[in-house]
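The values are calculated or read from the model by the stated rules, or taken from the named source; none is laboratory data. Because the structure is predicted, anything quoted here is derived from the model rather than measured. Every residue, glycine as well, gets a Cβ built from its backbone with ideal geometry; the counts of neighbours run over all protein chains shown.
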C-alpha cells in the first residue's frame, strides 16, 4: 500500500506542470509577435495540387456559368419578343448584335488603346488611394484626435457623386488626364479609409495587453498586432475601392476627348450607337471584375494566418 502511494506521489512530482491561463495568454502573444516558422521541407507542386478541391471548383464554375447563360437567354428573349412591361426592350440590342459589334472592335487597334488608357488611369488613381487611404485610416484608427479632425471631411465629401466633381476637377487640375485620375482616386479613397479605420479599431484589446505584458514597444505592437489584425478589413476596403474606382472612371472620362473605355461608352451614347454602349458597359464590368479578383489574389497571402487559425 505504501509502495503504491509512493509511486503515485513520484508520478505527480515528475509530471509536467499544468499550463495556467497566463501562460496560455503569453504563448498566444508570442505567436502573434514572433513570425511563423518556415517549414523545413517545402511542399511540392504535386502535394499542393492534391489539396485542391477540383470537384468543388468545377461545381462552382458550373453554377456561375449556368447563371450567366440563363441571364443571356432572358436578355435574348426579351429583345426577340420586344418585352414592354415597365422595362422596355424595344431599342435594346440583342446579345448577338452586341457580340458582333464586340468582335468588330477587337480587330481594331484603337479599341485596345481605349482599354489600356483606362487601365493606366485606374492603376495610378488606385495606387494613390491605397497609399493615402491606408496611412490615413491607420492614423485615424489609433488616434481619437485625428479621427475627430478628419472624419467630418470624409462624411461631407463621401456622398458627392463622381459626376458632380467634373466641373471642379477641371478647374483644380491643369490637364484633363490629371482631372480624370483625381476623380478615380476619390472613388477608391473613401472605402479604403473607412475599412482601414474599422479594422484598426477592432483589434482585440487582449492581444495588445498581452504584448505589453511581454515588454513589447508601441512600434512592435503596431506592426505585429494592430496591422495583422486590421488586414482583413483593409483587404475588403481595397476590393471595394477597386470596384468604385471603375464606377467613377466613366464619369471622369466624360471630360476626356480622345481615349478611354468610359469615353468610348459615352461617345457611343452621343452617336446613338446602342450596341457599342452595351459593349462599353460589359467591358467596364469585365475589367472591374478582373481587377477586383487581382486585388484579392494579391492580398490573399497576407491573410494566410486566418486559414491556419480555423
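Answer yes or no as to whether residue 221 is without any contact (Cβ under 8 Å) to a residue 40 or more places away in the chain and touching a helix residue (DSSP H, G or I) at 6+ places or on another chain (Cβ under 6 Å).
yes
Just name the residue that is nearest to the chain's Cα centre (by Cα) out of those in the stretch 146-175 that are under 20 Å from residue 244 (Cα atoms) and assigned to a loop (DSSP other than H, G, I, E, B).
158
How about the stretch 227-310: which helices (runs of 4 or more DSSP H) wholly inside it have at least 3 residues that are crowded, with 16+ Cβ neighbours inside 10 Å, assigned by TED's automatic domain parsing to the domain that holds residue 162 and within 16 Å of the chain's Cα centre (by Cα)?
Numbers: elements: 227-253, 261-270, 274-299, 304-309.
In the stretch 227-310, 227-253, 274-299 are the helices (runs of 4 or more DSSP H) which contain 3 or more residues that are crowded, with 16+ Cβ neighbours inside 10 Å, assigned by TED's automatic domain parsing to the domain that holds residue 162 and within 16 Å of the chain's Cα centre (by Cα).
Out of all the residues in the stretch 185-205, is one or more buried (at least 19 other Cβ atoms within 10 Å of the Cβ) and either farther than 24 Å from residue 151 by Cα or in contact with a strand residue (DSSP E or B) (Cβ under 7 Å, 6 or more places away or on another chain) (or both)?
The initial filter retains those residues of the stretch 185-205 that are buried (at least 19 other Cβ atoms within 10 Å of the Cβ), namely 185-197, 199-200, 203.
Narrowing the set further to residues that are either farther than 24 Å from residue 151 by Cα or in contact with a strand residue (DSSP E or B) (Cβ under 7 Å, 6 or more places away or on another chain) (or both) leaves none.
Within the stretch 185-205 (the criterion being buried (at least 19 other Cβ atoms within 10 Å of the Cβ) and either farther than 24 Å from residue 151 by Cα or in contact with a strand residue (DSSP E or B) (Cβ under 7 Å, 6 or more places away or on another chain) (or both)), the answer is no, since none of the residues qualifies.
Criterion first (assigned to a helix (DSSP H, G or I) and surrounded by fewer than 16 Cβ atoms within 10 Å (Cβ to Cβ)) does residue 223 satisfy it? Don't jump to the end; show me each part of the working.
Details: assigned to a helix (DSSP H, G or I): yes; surrounded by fewer than 16 Cβ atoms within 10 Å (Cβ to Cβ): yes.
For residue 223, the condition - assigned to a helix (DSSP H, G or I) and surrounded by fewer than 16 Cβ atoms within 10 Å (Cβ to Cβ) - is met.
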